[in-house]
1. I need the full set of residues from region 18-38 which are free of Cβ contacts under 8 Å to residues at least 40 places away in the same chain, part of a helix (DSSP H, G or I) and touching a helix residue (DSSP H, G or I) at 6+ places or on another chain (Cβ under 7 Å), in order please.
2. For the subset of region 73-93 comprising residues that are hydrophobic (A, V, I, L, M, F, W, C) and part of a helix (DSSP H, G or I), which member is surrounded by the fewest Cβ atoms within 10 Å (Cβ to Cβ)?
3. Being assigned by TED's automatic domain parsing to the domain that holds Gly157, of a type in the set (A, V, I, L, M, F, W, C) and farther than 21 Å from Ser130 by Cα is the requirement here; does Val66 meet it?
4. Is there any pair linking a residue in region 180-200 that is at pLDDT 90 or above to one that is polar (S, T, N, Q), with Cβ under 8 Å and at least six apart or on different chains, and which?
5. Taking the conditions exactly as written (outside the structural domain of Ala176 (by TED's automatic domain parsing), surrounded by fewer than 21 Cβ atoms within 10 Å (Cβ to Cβ) and out of contact with any helix residue (DSSP H, G or I) (no Cβ under 7 Å at 6 or more places or on another chain)), does Asp105 satisfy them or not?
6. Answer with yes or no whether Val118 is under 30 Å from Lys13 (Cβ atoms) and of a type in the set (A, V, I, L, M).
7. Within region 47-72, track down each residue that is of a type in the set (Gly, Ala, Ser) and surrounded by 15 or more Cβ atoms within 10 Å (Cβ to Cβ).
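The values are calculated or read from the model by the stated rules, or taken from the named source; none is laboratory data. The model shown is predicted, which means the values in this text are computed figures rather than measured ones. Cβ placement follows ideal geometry from the backbone for every residue including glycine, while neighbour counts extend to all protein chains displayed.
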Amino acid sequence: MVGKKRARSLKAKRERRDSILDAAVRILVAAGPADLRMEDVAAEAGVAKGTLYLYFRHRSDLLTAVADRALLGWMGRVDGAMRADLRVRDVGPVAAAFIRPIVEDPAILARLGLQASVRPERGPGTDVESEAAFLLAGRRLGDLLAVRLPATSPQDGLRMILVIRAVLVGLGSLPAVLQSLPVPGDGDTRLDPTAELARLLPAILQSYGRATETMRPMTDAP
């Protein structure tokens with residue numbers, strides 16, 4: 001039913017935006033990104049289509065916002081896991097803290113992969129709030145990384161987060177990419193994105209740190 005009053009306060013606007021994103025996620029889970037239509041999201045969220053466009057000017061902006069929220073949620077969980085024991089200075093446990101949220105909720109990776117499939121039309125002020133939130137969370141998590149794995153420069157913590165975000169977006173889009181490729185032979189050549197992350201992440205962390213111990217690759221997800 002479309003009949004909600006216009007959100008006027010900053011809190012109300014944020015709640016309305018979150019409710020729209022929640023509606024988009026429900027449709028994405030049921031139908032996938034290819035079948036997500038703005039009118040369906042508006043109906044699911046209980047708002048007028050014009051109201052939806054006040055928050056998201058383009059469909060690609062909406063999909064990107066879903067991915068952004070998944071990214072920030074994942075970063076928050078990693079931050080909490082890493083702060084649980086600041087004494088650890090080893091690549092393996094740190095990598096496990098990054099991977100565990102995705103093992104527990106694989107949908108995070110799928111939503112992050114949306115960023116690889118959309119090309120948002122960014123105008124002045126577009127996604128300023130979400131980018132600012134990412135940089136704030138990224139710097140906090142980067143500083144924590146620099147404590148856990150002493151980095152070569154003060155900026156290496158945030159740089160690691162940026163690299164890891166790029167890897168997550170790429171791996172999140174992997175299933176869709178593989179579905180569009182011809183598979184040679186009769187064997188199963190599908191890749192598990194989470195398993196690939198477990199292989200890549202320790203090497204990424206090790207490449208930035210000054211750890212002296214030999215890296216032990218993670219063979220099993222936590």
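1. Passing the criteria: Ser19, Ala23, Arg26, Ile27, Met38.
2. The residue in question is Ala81.
3. Against the criterion (assigned by TED's automatic domain parsing to the domain that holds Gly157, of a type in the set (A, V, I, L, M, F, W, C) and farther than 21 Å from Ser130 by Cα), Val66 does not qualify.
4. Pairs that qualify, where the first residue is at pLDDT 90 or above and the partner is polar (S, T, N, Q), are Ala198/Thr219.
5. Considered against the rule, which asks whether it is outside the structural domain of Ala176 (by TED's automatic domain parsing), surrounded by fewer than 21 Cβ atoms within 10 Å (Cβ to Cβ) and out of contact with any helix residue (DSSP H, G or I) (no Cβ under 7 Å at 6 or more places or on another chain), Asp105 comes out as no.
6. Spelling it out, Val118 is indeed under 30 Å from Lys13 (Cβ atoms) and of a type in the set (A, V, I, L, M).
7. Ala48, Ser60, Ala65, Ala67, Ala70
Here's the yes/no breakdown for (1) farther than 23 Å from Ala166 by Cα; (2) touching a helix residue (DSSP H, G or I) at 6+ places or on another chain (Cβ under 8 Å); (3) not in a loop (DSSP other than H, G, I, E, B):
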position	(1), (2), (3)
Asp40	yes, yes, yes
Val47	yes, yes, no
Tyr53	yes, yes, yes
Arg57	yes, no, no
Thr64	no, yes, yes
Ala70	no, yes, yes
Ala95	no, yes, yes
